[in-house]
Amino acid sequence: MTLPRTLRLALIAIAAVVVLIIGGAVFLARFDPNSLKPRIIEAVKRATGRDLALNGDIGLKLSLWPTVQVADATFSNPPGFSRPQMATLQGLELQLALLPLLSGRYEIDRLVLIRPDILLEIDTDGHPNWQMTPEVSPAAPAGSQAAPGGRKTVVSVDSVRIQDGVLAYRDDRTNRVTTLGVPRLDAQAASPDAPLHVDADASYNGTAFTLAADTGALTRLQDPAATSPWPVRLTLSAAGAQVAADGTLTQPLQGKGYDLAVNGVIPDLPALGPLLRARVLPPLHDVRFAAKVSDSGGPVPAISGLTLHVGASDLGAQVKGLSLDTLEVAAAAADQPVRASGAGTLDGKPVTLAAITGPLAALLPGAAPQPFPVDVTAQAAEATVSAKGSIANARALTGVNLAMVAQVPDLAALSLLARRPLPALKTVAFHGTLADAAGGFRNGAALHGVALTSAEGDLAGDIAVGLGTRLALTAALKSNRIDLDAIQAAVDQAPHAAAPATPTQAAPAQAAQAPAAGAPPPPKNGNRLIPDQPLPFGLLRVADADVRLDVGVLRSGGMDYKAITTHLALANGKLAVNPFSADMPGGRLSGSFSADAAQPAPPVHLVLHAPGLALKTILALVNEPPIASGSMEVRADLSGAGESPHAIAASLDGSLGVAVAGGTIDNRLLGSMLGKVLDAVNALDLVGKGGTSELRCFAVLMNAKNGIGTIQPLALGSSLLTMTGGGTVNLGAETLAMELRPQARLGGTDVVIPVQLTGPMRNPKVGVNQVGAAENNAGAIAGALLGGRNAVLQGPIHGIIGGGKPADPCPASLAAARGQAAPAPAPAATPAPAPAAPGQPKLPKPEDILKNLFR
């Protein structure tokens, strides 16, 4: 009986399989895998030109899918790289197909690399270590065997897996090293000529990411001369973000000939910071972008179809109160304009941005300079700022010509954006042209045709800042009107910075015991009246300036100062302010000032003639209450040298005259100035009771030589007190040697009481001058006046009683302080002396003495 044909074929097939299995088992049983070491090493050498070292034994697992195991293998680097091995392996496994072994073919179904350490490197000459150089005519090593029948040995790999690997990239030209951890990588290809698919789990700087890629065949990479497109499609995912690229490369090993479509979605940009070398990224969210990038053959890629979207993002950490709603950026091509628009809020108020700029190609490395137009407008807190013009070389920022325009209803509303309190200046308008210095902004910038106006004043002119070896400021500015009173009011309305945290109760006690860390040391000679702290002459040594300023009307303290002109010149530490002039309410002020900070003890020189300075304004400028009023005239021609006000005063030469005619003075000021003097003459403390007195005059003239000032005259005339005096002031030692002569009226007779001031200026010693002779025996009167209760002085009092009414000291003293010839004093009427009993003066009543003591 003949078996059916189908069954017979099935039995034959089963028998063949059994024979193959038995034959394969016999083959593997007799096969020693270690005998393949020389052939494997030689095959690698032929294919790559590199040395493969198999330091461990080769093991073999017998099954339908035989697996070869190798431990401790290394793959060498070419000479000249940073380490001998390009790769090291703790172990590898090769899963072989059984049937091809019978025909001498080695088909590796699966290759597993265990703990590989792979270094991709570029040497200092730009050569990569992954470029292999196969041997042309290798000689067969001793012991190597050809396949049976002289057939050529064929080796192929279907899939590769990496476990717990490290992949590093090193550029010896920059010494930069990037290292990736690769817990898992799978690569599969049906054949050496088939496309490759790669999946990987990796990490960089502690941030995990995944990579999926589909590329062309690996055999294509072994032909450097090939120019056929090599397809690439890869997707990188990390921290919820995904970036993809899809296209081709014609020279993949050189990174050239690329034509890729790139797109990405990034929900949270800062989360990618570790992947970008831990750079701090802005807190942008819902970021989406797309572009096509092509190799143009030059250093600048061709970019087209660029779009960028940014969604709602809180930017309060960058600018307090700022929130972004949306930002859109688009460019049709790299050589086409870029358009951008954005919207958000600042402290709850809308903020918008609209911009059209030049092409991206102008900003890329290696781009040829080309005109770069700029048209940007921003609006915030009802203010509008715009810049329109062009930049000749945008990459180098040279050839800038931008018209800057601003309209600001209330400057204080921009305090949050400026990150500091701004004054509440109203209706601010600005325009000017921004330009760079020769060589670009790195050398300086300038504003031409500046025009600044506001409700508080105006300013116009040109300003330039140089950033060479020394900072240099050049300006020529004019103003029709500046209202300092209104500006001060605007400053007072500015938002205040947050108050510092309240210190603990122990803090004040600790602060009283020791200065805070980093605080400057206490000033030397803290008891000095004239400060000994160094003046900031160092600022004059680091910058140069040439500033001209003309102001039509300057309002301050409710008064107008007109026709102000000044010129400040600073060069190499030498400062000159000449001239400085203005029309004051009482006349023309003029002067000059110079200082030479280039010298160890900077010499200074001041010349000033101010015929009409308002006392209230001066007091307001130094933050003092209005304790006096009137018009003060100052004449000064003073020179000195030193690093501090005290050193300058100690070397002072020249003259100083101060004159005040008319006005008022707070009696408390008289009390604080003359209290000790009045106490010395036992006068009633009228000046300490408050109120004001009419000020007829105050005049003083001091001539100084080497820090010693001679004061003559000194005169004070008020409705409460009349006093003259003179003497010397040692400005270096801060001591006085003066005599003051307060005047009083006693029973219809004018009385002058000489008082001496000696010792430290801060706390002088005061005493009545009792040396001299009186024209009349006035011991009893002087005793009643000077000694107090029933006290009688023995001996004469110098100049205590005059025979008639003294001349008014104001005219002559004012003339001397003003540098004028003193007019002859008007003769005073001489009252008839009061009758008195022979040998005994007639004592007035105490109430009359007190009533007539001050005039």
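Conditions tested, residue by residue: (1) under 25 Å from Ser479 (Cα atoms); (2) in a loop (DSSP other than H, G, I, E, B); (3) in contact with a Pro (Cβ under 7 Å, 6 or more places away or on another chain); (4) not polar (S, T, N, Q).
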{"position": "Ser341", "(1), (2), (3), (4)": "no, no, no, no"}
{"position": "Val351", "(1), (2), (3), (4)": "no, no, no, yes"}
{"position": "Asp375", "(1), (2), (3), (4)": "no, no, no, yes"}
{"position": "Ala387", "(1), (2), (3), (4)": "yes, no, no, yes"}
{"position": "Ala412", "(1), (2), (3), (4)": "yes, no, yes, yes"}
{"position": "Pro423", "(1), (2), (3), (4)": "yes, yes, no, yes"}
{"position": "Val428", "(1), (2), (3), (4)": "yes, no, no, yes"}
{"position": "Ala446", "(1), (2), (3), (4)": "yes, no, no, yes"}
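Would you be able to say whether some residue in the stretch 631-653 is part of a helix (DSSP H, G or I), crowded, with 19+ Cβ neighbours inside 10 Å and among the β-branched types (Val, Ile, Thr)? First the steps, then the outcome.
Here is the first cut: in the stretch 631-653, the residues part of a helix (DSSP H, G or I) are 645-650.
Remaining after also requiring crowded, with 19+ Cβ neighbours inside 10 Å: 646-650.
Subset that is among the β-branched types (Val, Ile, Thr): 648.
Looking through the stretch 631-653, at least one residue is part of a helix (DSSP H, G or I), crowded, with 19+ Cβ neighbours inside 10 Å and among the β-branched types (Val, Ile, Thr).
I'd like the full set of residues that are buried (at least 17 other Cβ atoms within 10 Å of the Cβ) and in a strand (DSSP E or B), limited to the stretch 232-246.
Filtering the stretch 232-246 down to residues buried (at least 17 other Cβ atoms within 10 Å of the Cβ) leaves 232-233, 236, 238-239, 241, 243-245.
Answer for the stretch 232-246, where residues must be buried (at least 17 other Cβ atoms within 10 Å of the Cβ) and in a strand (DSSP E or B): Val232, Arg233, Leu236, Ala238, Ala241, Val243, Ala244, Ala245.
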Considering only the stretch 68-100, state which residues are open to solvent by 30 Å² or more (accessible area, probe 1.4 Å) and in contact with a helix residue (DSSP H, G or I) (Cβ under 6 Å, 6 or more places away or on another chain).
Leu98
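Listed here are the residues, each with its yes/no results for (1) aliphatic (A, V, I, L, M); (2) open to solvent by 30 Å² or more (accessible area, probe 1.4 Å).
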| site | (1), (2) |
| --- | --- |
| Val405 | yes, yes |
| Ala435 | yes, no |
| Glu456 | no, no |
| Leu477 | yes, no |
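Only one of Thr357, Thr345, Thr326 is in contact with a Gly (Cβ under 7 Å, 6 or more places away or on another chain) and among the hydroxyl-bearing types (Ser, Thr, Tyr). Can you tell me which?
Values: Thr357 fails: in contact with a Gly (Cβ under 7 Å, 6 or more places away or on another chain); Thr345 fails: in contact with a Gly (Cβ under 7 Å, 6 or more places away or on another chain).
Unique residue meeting the criteria: Thr326.
Quick check on my filter: what residues within the stretch 305-327 are in a strand (DSSP E or B) and either on the phi > 0 side of the Ramachandran plot or loosely packed, with under 15 Cβ neighbours inside 10 Å (or both)? Let's see the steps before the verdict.
Quick first cut of the stretch 305-327, residues in a strand (DSSP E or B) only: 305-310, 313-314, 322-327.
Within the stretch 305-327, Gly305, Thr307, Asp314, Thr326 meet the criteria.
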Does the stretch 684-692 include one or more residues that are open to solvent by less than 20 Å² (accessible area, probe 1.4 Å), at pLDDT 60 or above and either in contact with a strand residue (DSSP E or B) (Cβ under 7 Å, 6 or more places away or on another chain) or of a type in the set (D, E, K, R) (or both)?
no
Just for the stretch 81-109: of the residues that are touching a Ser or Thr at 6+ places or on another chain (Cβ under 8 Å) and at pLDDT below 75, which one is farthest from Asp172 (Cα to Cα)?
Gly104
Using the structure shown, decide if Gly273 is farther than 30 Å from Val112 by Cα, under 42 Å from the mean Cα position of the chain (by Cα) and not basic (Lys, Arg).
yes
Any residue in the stretch 665-677 that is surrounded by fewer than 16 Cβ atoms within 10 Å (Cβ to Cβ) and either touching a Lys or Arg at 6+ places or on another chain (Cβ under 8 Å) or modelled with pLDDT of 90 or more (or both)?
no
Selection from the stretch 45-66 of residues that are at pLDDT below 80 and in contact with a strand residue (DSSP E or B) (Cβ under 6 Å, 6 or more places away or on another chain):
Leu60, Lys61, Trp65, Pro66
Against the conditions (1) modelled with pLDDT under 85; (2) farther than 20 Å from Arg481 by Cα; (3) buried (at least 16 other Cβ atoms within 10 Å of the Cβ), where does Lys574 fall short? Just the number, please.
(1)
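Go through the residues of the stretch 392-402 one by one and say whether even a single one is hydrophobic (A, V, I, L, M, F, W, C) and farther than 29 Å from Ser294 by Cα.
Our first condition is that a residue be hydrophobic (A, V, I, L, M, F, W, C); within the stretch 392-402, this holds for 392, 394, 396-397, 400, 402.
Checking which are farther than 29 Å from Ser294 by Cα leaves us with 400, 402.
Checking the stretch 392-402: at least one residue is hydrophobic (A, V, I, L, M, F, W, C) and farther than 29 Å from Ser294 by Cα.
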Examine the stretch 484-495 for a residue that is under 29 Å from Asp375 (Cα atoms) and hydrophobic (A, V, I, L, M, F, W, C), and state whether such a residue exists.
no
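How many residues, within the stretch 193-231, are in a strand (DSSP E or B) and either in contact with a Cys (Cβ under 6 Å, 6 or more places away or on another chain) or closer than 23 Å to Gly181 by Cα (or both)? Full working, then the answer.
Going residue by residue through the stretch 193-231, those that are in a strand (DSSP E or B) are 196-204, 207-215, 230-231.
Checking the rest, the ones that are also either in contact with a Cys (Cβ under 6 Å, 6 or more places away or on another chain) or closer than 23 Å to Gly181 by Cα (or both) come to 196-204, 207-215.
Matching residues across the stretch 193-231 total 18.
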Would you please name the residue that is modelled with the lowest pLDDT, looking only at residues in the stretch 482-502 that are open to solvent by less than 90 Å² (accessible area, probe 1.4 Å) and among the charged types (D, E, K, R)?
Asp485
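When the residues of the stretch 212-231 are filtered to those that are farther than 22 Å from Asn129 by Cα and among the small types (Gly, Ala, Ser), which remaining residue is surrounded by the most Cβ atoms within 10 Å (Cβ to Cβ)?
Just the residues of the stretch 212-231 that are farther than 22 Å from Asn129 by Cα, to begin with: 212-214, 228-229, 231.
Within this subset, residues satisfying the condition of being among the small types (Gly, Ala, Ser) are 212-213, 228.
Numbers: Ala212: 14, Ala213: 16, Ser228: 9.
Step by step, filter the stretch 212-231, then rank; the result is Ala213.
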Take the residues of the stretch 423-433 that are open to solvent by less than 30 Å² (accessible area, probe 1.4 Å) and of a type outside the set (Val, Ile, Thr): which is farthest from Gln488 (Cα to Cα)?
Gly432
Residues of the stretch 737-783 that turn out to be crowded, with 19+ Cβ neighbours inside 10 Å and modelled with pLDDT of 85 or more, as a count:
4
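Being open to solvent by 40 Å² or more (accessible area, probe 1.4 Å), of a type in the set (D, E, K, R), closer than 19 Å to Leu570 by Cα and under 39 Å from the mean Cα position of the chain (by Cα): is that true of Glu624 here?
On the way: open to solvent by 40 Å² or more (accessible area, probe 1.4 Å): yes; of a type in the set (D, E, K, R): yes; closer than 19 Å to Leu570 by Cα: no; under 39 Å from the mean Cα position of the chain (by Cα): yes.
Considered against the rule, which asks whether it is open to solvent by 40 Å² or more (accessible area, probe 1.4 Å), of a type in the set (D, E, K, R), closer than 19 Å to Leu570 by Cα and under 39 Å from the mean Cα position of the chain (by Cα), Glu624 comes out as no.
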Name the residue that is farthest from Ala576 (Cα to Cα), counting only residues in the stretch 592-605 that are crowded, with 18+ Cβ neighbours inside 10 Å and touching a residue at least 40 places away in the same chain (Cβ under 8 Å).
Pro602
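What number of residues within the stretch 353-367 satisfy the criterion of being part of a loop (DSSP other than H, G, I, E, B) and open to solvent by 70 Å² or more (accessible area, probe 1.4 Å)? Show your work before the answer.
Applying the first criterion (part of a loop (DSSP other than H, G, I, E, B)) to the stretch 353-367 yields 364-367.
So of that shortlist, the ones also open to solvent by 70 Å² or more (accessible area, probe 1.4 Å) come out as 365.
Residues in the stretch 353-367 being part of a loop (DSSP other than H, G, I, E, B) and open to solvent by 70 Å² or more (accessible area, probe 1.4 Å): 1 in total.
The values are calculated or read from the model by the stated rules, or taken from the named source; none is laboratory data. Keep in mind that this is a model prediction, so the values were computed, not measured. Neighbour counts run over all protein chains shown; Cβ positions are idealised from the backbone, glycine included. Just so you know, the surface numbers come from the protein's heavy atoms only, side chains and all, with ligands and any DNA or RNA stripped out. Shrake-Rupley method; radii C 1.70, N 1.55, O 1.52, S 1.80 Å.
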